[in-house]
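S.K.: Right, I'll just put the structure down here and ask away after.
The values are calculated or read from the model by the stated rules, or taken from the named source; none is laboratory data. All figures in this text were calculated on a predicted structure; none of them were measured in a lab. FYI the Cβ positions are ideal-geometry reconstructions off the backbone, even for glycines, and counts take in every protein chain you see.
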């Protein structure tokens, strides 16, 4: 019993030490992630960024076209002729966003893949140059393999399509706010009250998701390490009847990862519910105040719809 207690304390201490190292890891600056990019990668990222900005303006411009369609419905005479002219802008907008989306995703995906391959090669080269004691103290062989396969995928996502998505959403945010204030600054100011709760809900959900995801990944890495060590020394494990202990330890780590996944799902669900609650509450406030502006300030229905959709799209 004492030996098992000591071994249990040793395993807990090792896990705590690994978590402490992960928390104290040095964070890389945003532009520091692209240190391994070549000139071809920089060219692909430049084209992908421009395409992402063009693609990001699709949603703001869509609200302008939609408001024009609403005004055409209330024009009275020649409704079909007016609408037929306006809907052509939807076709032009669709062709432009399709081309921009293709360039955005393809360029950033190729750039991320090229850089991740280079990072994998350098990582393997750095690991192979370490002393043998490194794999006993700092990192086990199973953890090195797990990190190489899992972490590089995360790095590839961060260097690839997600950067283009970030540029696209940032452009959408700025473009929607500009259009909202240009088309109706009074209603846009009222709509600003809906943005802080929306941002707060999204920030809390993102932070909890990141923390729980890191805990789950650490549990899976420990579980993979147990499997690698057990299979690598299977004769020794069998000779000392350690199969049940290895299975028990593996099940404990996978259950820990399962609990983290459940918490991640709960946090995501609550955060998504809060975001949509604020979103639809903003709709009610906007249309109520928009009706007052139509009566008192001479706003049109299309103008109100344009401002509402632009501001809520930008806040998302």
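S.K.: Take residue 255 and tell me if it is under 30 Å from residue 68 (Cα atoms) and either touching a residue at least 24 places away in the same chain (Cβ under 8 Å) or more than 19 Å from the chain's Cα centre (by Cα) (or both).
M.R.: Numbers: under 30 Å from residue 68 (Cα atoms): no; either touching a residue at least 24 places away in the same chain (Cβ under 8 Å) or more than 19 Å from the chain's Cα centre (by Cα) (or both): yes.
So residue 255 does not fit the description; no.
S.K.: Additional query: Suppose we filter 71, 59, 77 for residues that are more than 30 Å from residue 36 (Cβ to Cβ) and not in a helix (DSSP H, G or I); which single one remains?
M.R.: 77
S.K.: Looking for whichever is in the same structural domain as residue 108 (by TED's automatic domain parsing), assigned to a helix (DSSP H, G or I) and modelled with pLDDT of 85 or more here; the options are 178, 145. Which one fits?
M.R.: 178
S.K.: With respect to the numbered conditions (1) more than 21 Å from the chain's Cα centre (by Cα); (2) at pLDDT 80 or above, which one is the sole condition not fulfilled by residue 236?
M.R.: It is condition (2) that residue 236 fails.
S.K.: Looking at 214, 291, 221, 310, which one is within 30 Å of residue 186 (Cβ to Cβ) and in contact (Cβ under 8 Å) with a residue 60 or more places away in the chain? Spell out the reasoning first.
M.R.: Working: 214 fails: within 30 Å of residue 186 (Cβ to Cβ); 291 fails: in contact (Cβ under 8 Å) with a residue 60 or more places away in the chain; 221 fails: within 30 Å of residue 186 (Cβ to Cβ).
Criteria check complete, one pass: 310.
S.K.: Only one residue in 99, 88 is at pLDDT 80 or above, surrounded by 13 or more Cβ atoms within 10 Å (Cβ to Cβ) and in a helix (DSSP H, G or I), so which one is that? Walk me through how you get there before you give the answer.
M.R.: Numbers: 88 fails: surrounded by 13 or more Cβ atoms within 10 Å (Cβ to Cβ).
It is 99.
Results for (1) touching a helix residue (DSSP H, G or I) at 6+ places or on another chain (Cβ under 7 Å); (2) surrounded by fewer than 19 Cβ atoms within 10 Å (Cβ to Cβ), shown as yes or no for each residue.
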{"position": "221", "(1), (2)": "yes, no"}
{"position": "229", "(1), (2)": "yes, yes"}
{"position": "232", "(1), (2)": "no, yes"}
{"position": "240", "(1), (2)": "no, yes"}
{"position": "267", "(1), (2)": "yes, yes"}
{"position": "290", "(1), (2)": "yes, no"}
{"position": "294", "(1), (2)": "yes, yes"}
{"position": "309", "(1), (2)": "yes, no"}
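S.K.: What residue, of 212, 195, 255, is surrounded by fewer than 16 Cβ atoms within 10 Å (Cβ to Cβ) and assigned to a helix (DSSP H, G or I)?
M.R.: From the options 212, 195, 255, the qualifying one is 255.
S.K.: Could you identify the single residue in 278, 305 that is in contact with a helix residue (DSSP H, G or I) (Cβ under 6 Å, 6 or more places away or on another chain), in a helix (DSSP H, G or I), touching a residue at least 60 places away in the same chain (Cβ under 8 Å) and within 15 Å of residue 187 (Cα to Cα)?
M.R.: The unique qualifying residue is 305.
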